[in-house]
Amino acid sequence: MTIRLLIVDDDPLVRAGLTFMLGGAEDIEIVGEAADGTQVAPLVERCAPDVVLMDIRMPAMDGLTATEALRARPGAPEVLVLTTFHADEQVLRALRAGAAGFVLKDTPPDRIVSAVRRVAAGDPVLSPAVTRQLMTHVAGTSPGAGPDARRRGAAGRLATLADREREVAYAVGRGRSNAEIAADLYMSVPTVKAHVSRVLAKLGLNNRVQIALLVHDADPATGDGADRDGDVR
């Protein structure tokens, strides 16, 4: 399957470099380029990308606002955030809005290609260690809500889940893969996937990263032991 990719960055040299690098992959087709967040929605309508590689800092409309607007639409493409910072509350805002992960601008080319492929396949690209760093960096800093209010709200949402669904949600929050959750909870991988899908639907979330963020809000100590390398899956 060919992955249709839209590149969004206000720097023409960065766009050219990304187009050259990603366009060389046999399974990736660059279907459009945008220099500003205001151009994203029309290009998505016209080009129907599977993945949007989105810069954060842009004039007129930044990548955060564009991501929030895009992911609020039905049938939206996946968003992979492109940034120069690995521990930034702006990145967390993008993840809360439904971005599937992020890559740094100095990431080796082959890993950016891999990240695009994984996001297109539905696998968020975010290591457990970076997840914890991001969440700790901005824990409890949402407009109008302190850490106690955020914790109560998150715990209340998780309480609406069935017991098994809640166990799976907390495992996702610890950065466990589907296979690891299946082994830990003595269930099959398809059953884990079904539970994850139900958790997403019941809580109105977009992806596993958002489950991890909600679990952290409810219990900030959840991910402390998850210092494995690798990506949240």
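I'd like the full set of residues that are of a type in the set (Lys, Arg) and either under 17 Å from ALA76 (Cα atoms) or open to solvent by 60 Å² or more (accessible area, probe 1.4 Å) (or both), limited to the range 1-44. So that I can check it myself, show each step before the final result.
Narrowing the range 1-44 to residues of a type in the set (Lys, Arg): 4, 15.
If the condition is that a residue be of a type in the set (Lys, Arg) and either under 17 Å from ALA76 (Cα atoms) or open to solvent by 60 Å² or more (accessible area, probe 1.4 Å) (or both), then ARG4 is the only one that fits.
Filter the range 19-48 for residues that are assigned to a helix (DSSP H, G or I) and in contact (Cβ under 8 Å) with a residue 60 or more places away in the chain and give the result.
Result: MET21, LEU22.
Could you tell me which residue of the range 134-150 is modelled with the highest pLDDT, considering only residues that are open to solvent by 30 Å² or more (accessible area, probe 1.4 Å) and under 23 Å from GLY101 (Cα atoms)?
Among residues in the range 134-150 that are open to solvent by 30 Å² or more (accessible area, probe 1.4 Å) and under 23 Å from GLY101 (Cα atoms), the one modelled with the highest pLDDT is ARG150.
Quick check on this structure: which one of ALA66, ALA94, ALA99 is in a helix (DSSP H, G or I), under 25 Å from ALA25 (Cβ atoms) and touching a Ser or Thr at 6+ places or on another chain (Cβ under 6 Å)? It would help to see each step written out before you state the result.
Details: ALA66 fails: touching a Ser or Thr at 6+ places or on another chain (Cβ under 6 Å); ALA99 fails: in a helix (DSSP H, G or I).
Going through ALA66, ALA94, ALA99 in turn, the sole match is ALA94.
Need the failing condition index for ARG157 against (1) under 15 Å from the mean Cα position of the chain (by Cα); (2) modelled with pLDDT of 90 or more; (3) surrounded by fewer than 19 Cβ atoms within 10 Å (Cβ to Cβ), just the number.
(1)
Out of (1) in contact (Cβ under 8 Å) with a residue 60 or more places away in the chain; (2) in a helix (DSSP H, G or I); (3) under 20 Å from ARG15 (Cα atoms), what's the single condition that is false for LEU53?
Condition not satisfied by LEU53: (2).
Consider VAL196 carefully, then state whether it is at pLDDT 85 or above and under 26 Å from PHE102 (Cβ atoms).
Numbers: at pLDDT 85 or above: yes; under 26 Å from PHE102 (Cβ atoms): yes.
In short, yes.
The values are calculated or read from the model by the stated rules, or taken from the named source; none is laboratory data. Keep in mind that this is a model prediction, so the values were computed, not measured. Heads up, the Cβs are rebuilt from the backbone with ideal geometry, glycines too, and the neighbour counts pull from every protein chain shown. What goes into the accessible areas is simple: the full protein's heavy atoms, side chains included, and nothing from ligands, DNA or RNA. Shrake-Rupley method; radii C 1.70, N 1.55, O 1.52, S 1.80 Å.
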